[in-house]
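These notes are about the structure you will find just below.
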Amino acid sequence: MAASLRALLRPAAAAAARRHALVPPPPRPLLGARACSAGAPFQYLAVQKTGARQSVGLIQLNRPQALNALCEGLMQELRRALEALESDPEVGAIVITGSQKAFAAGADIKEMQNKTFQECYSGGFLAGWDKVSTVRKPIIAAVNGYALGGGCELAMMCDIIYAGEKAQFGQPEILLGTIPGAGGTQRLTRAVGKSLAMEMVLTGDRISAAEAKEAGLVSKVFPAEKLLDAAISCAEKIASNSKLVAAMAKESVNAAFETTLAEGNRTEKRLFYATFATGDRKEGMTAFVEKRKANFTDS
């Protein structure tokens, strides 16, 4: 385990999550779950490494009294946790989840209620949230319950969204006299199209997990009690591949999401060529020819 991660986490964080969880813990312990054992604990998160090879970083939002509302303290801790997991060579993918009642019910309204335009503009309010979208390792959002406002935006910053059957997604900022401010109007439109995004943003209406899957916002829907295991299983599968090439693949797919087709194709070609400078590309193709399992070592 990387020193930076050891310095941030300890079992008290996981214990706090169990004490304050809105629902009972999963029916079986996470396979190989291991929390860190030293340093200052998180107040709003429970963080551990999990999976058969401890290759998955698991971050649970843990502010149950506020339905995991995303206060600045929580988002600062999330940035710290992501930085630690990003630098840990054992970790190949990350899962972010909440409770079965709420992934995150939104940004903390009490915290922003009295802010002025000058404060928001000069201080770059919410700018730090972009850290989630700049992490190179793949991130899966495992969403049960409410993913509203900032919670929906946080899920969309992740690379893959898995949802529990009772999950709800929405951007209700219009009902508070404002608009989404952390990518909600941008990522939602790219994910589900203009018409549905307009409807959700202009009415504040929510969509169900089934509707979100049909619209392309989420990849798969699971029974609530099976969601986290499914997300971890997917993360383990990702982590078993080359970490270096996975980062390249993520960059290339994001280029399709964020740029023109011509620019995206140029990015893809550049990164495709770059894989030929890696040992993992050579190992992968050699293993295929030799009919054996590849042993990827680049990180």
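The values are calculated or read from the model by the stated rules, or taken from the named source; none is laboratory data. Everything quoted here is computed from the prediction, not taken from an experiment. Note that we place each Cβ from the backbone using ideal geometry, even for glycine, and neighbour counts take in every protein chain shown. All accessible areas refer to the heavy atoms of the entire protein, side chains included, with ligands and DNA or RNA removed. Shrake-Rupley method; radii C 1.70, N 1.55, O 1.52, S 1.80 Å.
Data table
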quantity: Accessible carbon and sulfur surface of segment 145-190 relative to its total accessible area, %, 1.4 Å; calculated: 52 percent
quantity: Sites residue 127 and residue 198 - FRET efficiency at Förster radius 25 Å, r taken between beta-carbons, to 0.05; calculated: 0.45
quantity: Partners for residue 137 among aspartates and glutamates (Cα-Cα distance below 15 Å; same-chain residues under 8 apart left out); calculated: 83, 86, 88, 90, 159, 236, 251, 298
quantity: Considering only the chain, percent of DSSP beta bridges that pair antiparallel, nearest 5; calculated: 35 percent
quantity: Lysine pairs meeting the criterion (Cα under 24 Å, 8 or more apart or interchain), as found in segment 186-299; calculated: 23
quantity: Where a label projected 7 Å from the Cα of residue 120 along Cα→Cβ would reach, residues of segment 166-180 with amide N under 20 Å; calculated: 170-180
quantity: Zone of residue 111's modelled label, taken as backbone nitrogen in segment 72-102 under 12 Å from a point 7 Å along Cα→Cβ; calculated: 72-79
quantity: MRE, 222 nm, helices only [DSSP H, n ≥ 4, -39500 (n - 2.57), over the chain, to nearest 500]; calculated: -13500 deg cm²/dmol
quantity: Extension gain, residue 295 back to residue 53 (0.36 nm per residue minus Cα-Cα distance, nm); calculated: 85.7 nm
quantity: For segment 60-66, 3J(HN,Hα) per residue [Karplus equation, 6.51 cos²θ - 1.76 cosθ + 1.60, θ = phi - 60°, Hz, x = Gly/Pro]; calculated: 10, 5, 9, 10, x, 5, 10
quantity: Pair residue 134, residue 176: separation of 7 Å Cα→Cβ label points (nm); calculated: 2.4 nm
